[in-house]
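The values are calculated or read from the model by the stated rules, or taken from the named source; none is laboratory data. Worth saying up front: this structure is predicted, and the values here are computed from it rather than measured. Heads up, the Cβs are rebuilt from the backbone with ideal geometry, glycines too, and the neighbour counts pull from every protein chain shown. Heads up: the accessible areas ignore ligands, DNA and RNA and are worked out on the full protein's heavy atoms, side chains in. Shrake-Rupley method; radii C 1.70, N 1.55, O 1.52, S 1.80 Å.
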Amino acid sequence: MRSGSRLSERWFNLVLWLVAIAFAVFLIGLGSLLVGDLPQVEQRYTTEQFLEQDQASATAAALKQIRRERADLRRLSEQGELALDAARAASESARETFANWLKTRDATQRVDQDPGLIERTKRLDALKAAERAIEERLEALAKTGLDLSERETEQERIEADLRGAAEAKRDAALRGQEMRVFGYRLALTLPMLALAGWLLRTRRRSRNWPFVWGFAIAAAFAFFVELVPYMPSYGGYVQYGVGIVITLLGGRAVINALQAYNERQKADEARPDAERRTEIATDQALLRLAKKACPGCERPIDLANPETNFCPHCGIGLFARCPVCTHRKSTFERYCTACGTPGSSGAVTTA
């Protein structure tokens, strides 16, 4: 009968699991850096890279010229507004002076002032004509500004169309780049996942099992967690597809294992009692007995009955008498708890 694990062995196993977790943490950190830095192998796309350079340059030059002309026109308009304000002020002042002069003339009834009336009227008409000339110049500037505004609007529309086409090309290039980068990440994480599965299947019971489990944890984390933020809109199909395949394979393996276990249990139950007991670990047998289950077939048994010495389901011996002190003991215990006699030192009699 195989002996159970010692306390020191359990502590060693705990330390080895800590080694496996630490190895997985460092692998996860390295994997996250690699996955995050993979986009650097691709160039950065900008809208300017996809513009029709000839048309874009011509449009930009035309817009620059139009805006320069509008700036000049704005300055001329501001100067014209100042000149118009000055002309209106001079005209208003002249009209007030002329009105006062007319009142004086009407009061004195002097005919000899008629030449002065004509002269003053001419000066007032000249001021009004100057004012009107400035207004006409401002109207011409406004019309020119309207034409420039329409030309600017047209050039801006052309530029917007060019940039819209360039952005569409850039978005298509970015989608292609996103798929390539996702392919790089998938090419890094999927083989890791496959290698982890192979290692778990073939090396999980080797002396280097902590590194096998650490690598498996890191690979699963990299594929199912680290890859998620970088997936394209339909990248989840890959993740869920792989998950379905792994679930199918794992489920099929569990079904086969269950069937093999049942067949193995049936074959074991047909073997001799002493031969079966030697293949059950002491700790495992005592743990199952503590749960009131048969160590051989794992079916429930009534241990409260002191007459229960054999499993009623598979017939394996559960209790016997020590050949030295006749103390009732479990057949899975290596030594008698009453006298310390080894179980193999003499024949074990049925209790």
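Things worth noting here:
- Residue check, residue 154 exposed (fewer than 12 other Cβ atoms within 10 Å of the Cβ), out of contact with any Leu (no Cβ under 6 Å at 6 or more places or on another chain) and at pLDDT 85 or above: no
- Residue in the range 29-42 that is modelled with pLDDT of 80 or more and open to solvent by less than 40 Å² (accessible area, probe 1.4 Å) present: yes
- Extreme residue, surrounded by the most Cβ atoms within 10 Å (Cβ to Cβ), among residues of the range 329-351 that are over 60 Å from the mean Cα position of the chain (by Cα), more than 22 Å from residue 297 (Cβ to Cβ) and at pLDDT 75 or above: 336
- Checking 274, 304, 267 one by one, the residue that is in a loop (DSSP other than H, G, I, E, B) and either out of contact with any Lys or Arg (no Cβ under 8 Å at 6 or more places or on another chain) or at pLDDT below 75 (or both) is 304 and no other.
- First in the range 159-170 and more than 21 Å from residue 64 (Cβ to Cβ), second anywhere and in a helix (DSSP H, G or I) and not polar (S, T, N, Q), Cβ under 7 Å, 6 or more apart: 169/50; 170/50
Residue by residue, here is whether (1) open to solvent by 30 Å² or more (accessible area, probe 1.4 Å); (2) on the phi > 0 side of the Ramachandran plot; (3) modelled with pLDDT of 85 or more holds:
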| position | (1), (2), (3) |
| --- | --- |
| 167 | yes, no, no |
| 170 | yes, no, no |
| 180 | yes, no, no |
| 196 | no, no, yes |
| 211 | yes, no, yes |
| 217 | yes, no, yes |
| 222 | no, no, no |
| 226 | no, no, no |
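- Residue in the range 64-71 that is exposed (fewer than 13 other Cβ atoms within 10 Å of the Cβ), within 17 Å of residue 140 (Cα to Cα) and modelled with pLDDT of 80 or more present: yes
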